[in-house]
Amino acid sequence: MKKGGIRLKREYFLGGNTTQGFFSYYEFLADGEKFNKIYIVKGGPGTGKSTAMKKVGKWGEDHGFDVDYVHCSSDPFSLDGVIIKEVGIAMVDGTAPHVVDVVNAGAVESLLNMGDFWDENALRKSKAEIIQCNKEISEHFTKTYNFLGAAGCLYKNCCIMPDKKSAVNVAMEIVANIPRAEKGAGKIRKLFSEAITPEGIISYADTLVCEKQVVLKSEIYGGSGMITEILKTKLSEQGYDIEVFYSPLNPEGEIRNIVVPEIGLSVITTDMMTIADEKRAMVIDVDEMVNAKVDSDFLRNKILVMTLLQQAVRTLAGAKRLHDKLESYYIPNINFDAAEKKVDAVLAEIEKFAQ
């Protein structure tokens, strides 16, 4: 077992509130063939799912392991997952909207059902209130995704791509001194470093910084996307497994950041969503490669997108308040002592994997 202080603590999202509704990359949580155990946590609001993950994460940090924390886009102070790759374990919230189910039962995944520790008779007394609260939460998310969908349509009018030749040259400069890995094409893992949350747009890109860092500066929406797309292809072709972090404004088509763990390289976009540390980084001003004119129509569309994002954030905040109310029906009716004993049993199992 490794000893020592905290090593690498990374934070990101595997799903988020996007212009295409809730968008999930939870299938990229962990490679079941390489991991010892994936714990899928089920249970209602306020049942201790996030608390269990924080406890596992703290165990990992205390034992000197790298720990990845997966945050919840609807409550960024809550966890949806924790990963300790060196031990080969992960724990994930398997409830809606990012439903995660057992695939290789027992051999890889195990269920941790926090619903075992609630008092159903007591909860039934609040049945009408719980149903009504869930309906209102659903309505808030419908409104949120209407705002974000409209923002996505306008966002397309704000995306100005750099000159393609310049983008290719920059990408080739970044990979110029990177040798080819001794294997075939690398694997691609998809995630989000930013999320639209009840607290506004939250970015954890600063936790992805590596020894070798490139910063792509751009005030124009989507400006760095052409460069990162080229990098994704080149690095994968050279045999490296890479992590690509997509934009919540275009969750399938726009890569904001790239991390190549094997060679300690991170490429981070800095703009209205993220302010990256430029110290000891190779800094590239993407806007200098843009030939198109930034006119009044562009600025109007940008303001409209930002206004719609603000409305989405306000509506998400309303959903969060309702979720807190929903938790208030569950928390008094949970046997947290029994739940904690179950989590301690899981930690004892994790200890064995770490030996």
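The values are calculated or read from the model by the stated rules, or taken from the named source; none is laboratory data. These numbers were taken from a predicted model, which means no experiment stands behind them. With ideal geometry, Cβ positions are generated from the backbone for all residues, glycine too; neighbour counts draw on all protein chains shown. Quick note on the areas: whole protein, heavy atoms, side chains included, nothing else; ligands and nucleic acids left out. Shrake-Rupley method; radii C 1.70, N 1.55, O 1.52, S 1.80 Å.
Evaluating Asp116 against the criteria (1) in a loop (DSSP other than H, G, I, E, B); (2) open to solvent by 70 Å² or more (accessible area, probe 1.4 Å); (3) under 26 Å from Asn335 (Cβ atoms) leaves one unmet condition, (1). Quick check on my filter: what residues within segment 122-154 are within 15 Å of Ser74 (Cα to Cα), under 22 Å from the mean Cα position of the chain (by Cα) and without any contact (Cβ under 8 Å) to a residue 40 or more places away in the chain? Hits for segment 122-154 are Ser138, Thr142. Tyr145 falls short on exactly one of the conditions (1) open to solvent by 30 Å² or more (accessible area, probe 1.4 Å); (2) touching an Asp or Glu at 6+ places or on another chain (Cβ under 9 Å), and that condition is (2). The residue pairs whose first member lies in segment 16-34 and is closer than 20 Å to Ile202 by Cβ, whose second member is of a type in the set (Ser, Thr, Tyr) and open to solvent by 30 Å² or more (accessible area, probe 1.4 Å), and whose beta carbons are closer than 6 Å, counting only pairs six or more residues apart or on different chains, are Gly21/Tyr145.
When you go through Thr51, Thr47 one by one, which is the residue that is more than 17 Å from Phe192 (Cβ to Cβ), touching a helix residue (DSSP H, G or I) at 6+ places or on another chain (Cβ under 9 Å) and buried (at least 18 other Cβ atoms within 10 Å of the Cβ)? Selected residue: Thr47, the only one of Thr51, Thr47 that is more than 17 Å from Phe192 (Cβ to Cβ), touching a helix residue (DSSP H, G or I) at 6+ places or on another chain (Cβ under 9 Å) and buried (at least 18 other Cβ atoms within 10 Å of the Cβ). Residues in segment 262-303 that are in a loop (DSSP other than H, G, I, E, B), small (Gly, Ala, Ser) and modelled with pLDDT of 80 or more: Gly264 alone. Hey, Cys158 hits all of (1) over 26 Å from Tyr330 (Cβ atoms); (2) within 22 Å of the chain's Cα centre (by Cα); (3) touching a residue at least 60 places away in the same chain (Cβ under 8 Å) but one; which does it fall short on? The single condition Cys158 does not satisfy is (2). Just one of the numbered conditions (1) assigned to a strand (DSSP E or B); (2) open to solvent by less than 30 Å² (accessible area, probe 1.4 Å) is not true of Thr228: (1). Scanning segment 55-97 for residues that are in a helix (DSSP H, G or I) and open to solvent by 10 Å² or more (accessible area, probe 1.4 Å), which turns out farthest from Leu8 (Cα to Cα)? Ranking the qualifying residues of segment 55-97, first place goes to Lys55. Counting the residues of segment 298-344 that are open to solvent by 60 Å² or more (accessible area, probe 1.4 Å) and not basic (Lys, Arg) gives 17.
Could you tell me whether Asn146 is closer than 30 Å to Ser218 by Cβ and at pLDDT 95 or above? It is true that Asn146 is closer than 30 Å to Ser218 by Cβ and at pLDDT 95 or above. Considering segment 1-32, the residues that are over 18 Å from Glu243 (Cβ atoms) and charged (D, E, K, R) include one that is modelled with the highest pLDDT, namely Lys2. Residue-level check: of (1) farther than 28 Å from Asp66 by Cβ; (2) among the hydrophobic types (A, V, I, L, M, F, W, C); (3) surrounded by fewer than 18 Cβ atoms within 10 Å (Cβ to Cβ), Ile275 misses just (1).
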